[in-house]
Amino acid sequence: MKRITVYKVLCVVGIIFPWLFIAGFLVRPDASITLFMTSIFANQAATAVAADLIVSAVVFFAYVYYEGRSIGMKHLWMYVPATLFVGLSFGLPLFLLMRARKLEGRA
């Protein structure tokens, strides 16, 4: 399978899989941002996962900035909301997809 096709599939998986769990949370009658944040940091294991994702996202944003600029990609800001509102599981393969397209001269 071509690299671009793999990245496209990973983008779809990166949207659907996490949002299945988010949707399950949002249908709760007591769903709120406060409950969401409390749940993310509910115990040390959950906090470790959240901290790992936060650090990974910051590293990813630095990579997007430096790599994107070095190869002349445009609209680098779009990977921030893609990551913050969907997840790193979407933002990262989206960037890799657009990077591959740029390097192949298609973006």
Mean Cβ-within-10 Å packing, highest first, puts peptides 71-80, 94-103, 45-54, 10-19 in the order 94-103, 10-19, 71-80, 45-54
Quick calc, the chain, dipole around Cα centre from Cβ unit charges on Lys, Arg (+) and Asp, Glu (-), nearest 20 debye, gives 600 debye
What are the DSSP H helices in the chain that stretch 24 Å or more along their long axis, judged by alpha-carbon atoms, and whose average Kyte-Doolittle hydropathy comes to at least 0.0? 3-26, 44-70
Would you mind ranking THR34, THR83 so that the residue whose beta carbon has the fewest other beta carbons within 10 Å leads the list? THR34, THR83
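Every number in this text was worked out from the coordinates using simple rules, so none of it is lab data. All of these numbers come straight from a predicted model, not from anything done at the bench. Heads up, the Cβs are rebuilt from the backbone with ideal geometry, glycines too, and the neighbour counts pull from every protein chain shown.
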